[in-house]
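First the structure, in the form of structure tokens, and then the observations on it.
The values are calculated or read from the model by the stated rules, or taken from the named source; none is laboratory data. Fair warning: this is a prediction, and the values are worked out from it, not measured in the lab. Positions of Cβ are generated from backbone atoms using ideal geometry, with glycine treated the same way; all protein chains shown enter the neighbour counts.
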Amino acid sequence: MTRKPTNLIYGVDEKPPLATTLLLGLQHIFILSIAFIFPVVIVKEIGASPEDAQNLICMAMLATGFSTALQAFNKGPVGSGYLCPLLNGPAFVPASLLAGKAGGLALIFGMTAIAGVFEALFSQVVSRMRKFFPPEVTGTVVLMVGVEVIPIAVPKFFGVDSIHTSIQALPFFVALITLAVTAGFNVWGKGKMRLYSLLIGMVTGYAVSFATGILTIDQARLIFDSASFQIPEIGKFGMSFSAVMLVPFLVAALSSALKTMGDLTTCQKINNADWKRIEMRSIGRGMLACGAGNIASGLLGALGQSVSSSNIGLSIATGATSRQIGYAAGGILMLLAFFPKLAAIFVIMPTPVMGASLIFTVCFMIMAGIQIIMSRMIDSRKTFVVGLSIIFGLSYDALPGLYAGVDPMLRPMLSSSLAVATICAVLLNVFFRLGISQKMEFEIDPAADTSEKIFQVMEKQGGIWGARRDVIMNCIAAMNELLDAAPFLGLMGKKISMSVQFDEFNLDARAVYEGKPFEIPVAMPRIDFMHDEKASALSLAAFTMSRYVDRMSFSERDGKTELHMHFEH
């Protein structure tokens, strides 16, 4: 049973009232609808018709709705059990453009289904690959997921596009009001005002956009001109396949899978006040849900999907992470595919409102990534893994065209700042793991050494291992209690041999000394009843030591005693 964090209003296992659930689901759909720009971009680039774009959006609603609900399932082999919506993510855009130009929409859909199969297969082996994805890797991925949205969000916020290359006052004014209202209700709002902060901000943005002419009457007329009910044309374009397109789509699927791991790590962390490490089973089920979603996308006739980091940021911001919201958002999205008039509300979303909403949610994703990275001790190895990955990831956006000249086979792996940073983080983690021993030994001389030596040795080794700081500090404290007890065990002038062994789940420390075991009191010793100062000091040290460890035991051999201290990690 996980402990709910205090900043959450509705945790993952809680059921908000129906009206609240529907409104929160609608709020998530506003964020998801921003990704409908990608089908439009693909259609324009490959020369398809506006009707094709409209059909793609309807299929995206069906596929996204299905996948979002499936991801929220917490029983059975598919679904992470978290509120982690999916959308037509940018990870598949480069590969989809290549396929669209080579073989039209049918090739996009066929290869998207193949990518889904690959993602589903990868989900079955990912649980055995935990060591390749420590917190410094997953945290970097989460951070870069947020950073990747910045080049999309900031131009929209300032009204910059291919025509307007400098900041536009009116769009900036609308975006600023939208962001101010959203952030204001999130920071100072209570209860439902905080829950609906983004929805309130976006409604305000729509109203201000209409009043200032950014949202025109002609655009608004699209709502009235759209059909009230229409059955989407499922599988209209069919499916085709090409071996040449296999590598780009498999790379896109791998990038999507790693992004899923980072985002679901965030979901685990924000829903558990006692979060310690990645729970790989739910990660695997979540990846399988994404794979199933991409297979469904190919069959329906939609673009590839990946989890939406912005929606996770929204969950953090509003304090509502209930999986019931995932069911609601998924169901509403699938219904919208049959009601073009309602879907048109999202299609006409003003650009500055999009920019402000994205920036609002990105703030929380970046901070979530930093928190995951800092959940473990950092040494120079981890510093290089995180630092170099972020530097080269940012280089993709800071220096456009930098990677354009790489070999065409490698280009899909360097198709975005997230892809570059992810590949760097995984490879650097493997490289810097070389030479790390899981066991460390040293000696303590009670007559000459102080607690400072224990601290320095364990602080350095804890950073190398990437262990949790609180566990290392507990181990240091227990060792210091043994050092304090040394005079009363007759160990002055004798050395204590220490060995510490670590894996992702356990930290075990062993102390070997010449002497007998000592008694571990089960309750706080009553010092005032003890007449023997030596016994009282030893009893107090032993009891204090037992408070820091999860288990303690003794063994004797050849006149020496081995004290085993176990710490859960």
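As a summary of the residue check, SER49 satisfies the conditions (1) within 21 Å of MET334 (Cβ to Cβ); (2) modelled with pLDDT under 95; (3) among the hydroxyl-bearing types (Ser, Thr, Tyr) except for the one numbered (1). Residues that are outside any helix (DSSP H, G or I), touching a Pro at 6+ places or on another chain (Cβ under 9 Å) and of a type in the set (A, V, I, L, M, F, W, C) within the stretch 532-560 comprise just one, PHE554. If you filter the stretch 372-392 down to residues that are of a type in the set (Val, Ile, Thr) and crowded, with 19+ Cβ neighbours inside 10 Å, you find that the one that is modelled with the lowest pLDDT is ILE372.
Among the conditions (1) surrounded by fewer than 23 Cβ atoms within 10 Å (Cβ to Cβ); (2) of a type in the set (Asp, Glu); (3) not in a loop (DSSP other than H, G, I, E, B), ASP161 misses just one, which is (3). For PHE132, which of the numbered conditions (1) at pLDDT below 85; (2) over 27 Å from GLY393 (Cα atoms) fails to hold? Exception for PHE132: condition (2). Can you spot a residue in the stretch 30-42 that is surrounded by fewer than 23 Cβ atoms within 10 Å (Cβ to Cβ) and in a loop (DSSP other than H, G, I, E, B)? Checked against the condition, which is being surrounded by fewer than 23 Cβ atoms within 10 Å (Cβ to Cβ) and in a loop (DSSP other than H, G, I, E, B), the stretch 30-42 yields no hits at all.
When ILE391, ILE436 are checked against the criterion of being of a type outside the set (S, T, N, Q), touching a helix residue (DSSP H, G or I) at 6+ places or on another chain (Cβ under 9 Å) and part of a loop (DSSP other than H, G, I, E, B), a single residue qualifies: ILE436. Would you check if PRO134 is touching a His at 6+ places or on another chain (Cβ under 6 Å) and at negative phi? So PRO134 does not fit the description; no. Number of residues in the stretch 164-212 that are assigned to a loop (DSSP other than H, G, I, E, B) and in contact (Cβ under 8 Å) with a residue 12 or more places away in the chain equals 2. In the set (1) in contact with a Phe, Trp or Tyr (Cβ under 8 Å, 6 or more places away or on another chain); (2) crowded, with 24+ Cβ neighbours inside 10 Å; (3) closer than 27 Å to SER416 by Cβ, ALA317 fails one condition alone, (2). For the stretch 176-190, the criterion of being among the aliphatic types (A, V, I, L, M), at pLDDT below 95 and assigned by TED's automatic domain parsing to the domain that holds GLY393 is met by at least one residue.
Among the residues of the stretch 449-458, those identified as assigned to a helix (DSSP H, G or I), crowded, with 16+ Cβ neighbours inside 10 Å and touching a residue at least 12 places away in the same chain (Cβ under 8 Å) are ILE454, PHE455, VAL457, MET458.
With respect to the stated conditions, ALA53 is without any contact (Cβ under 8 Å) to a residue 60 or more places away in the chain, surrounded by fewer than 24 Cβ atoms within 10 Å (Cβ to Cβ), in the same structural domain as MET193 (by TED's automatic domain parsing) and within 26 Å of PRO352 (Cβ to Cβ).
Yes/no per residue for (1) under 24 Å from LYS131 (Cβ atoms); (2) in contact (Cβ under 8 Å) with a residue 40 or more places away in the chain; (3) among the hydrophobic types (A, V, I, L, M, F, W, C):
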position: SER255; (1), (2), (3): yes, yes, no
position: CYS267; (1), (2), (3): yes, yes, yes
position: SER282; (1), (2), (3): yes, yes, no
position: ARG285; (1), (2), (3): yes, yes, no
position: GLY301; (1), (2), (3): no, yes, no
position: ALA317; (1), (2), (3): no, yes, yes
position: GLY355; (1), (2), (3): no, yes, no
position: ILE359; (1), (2), (3): no, yes, yes
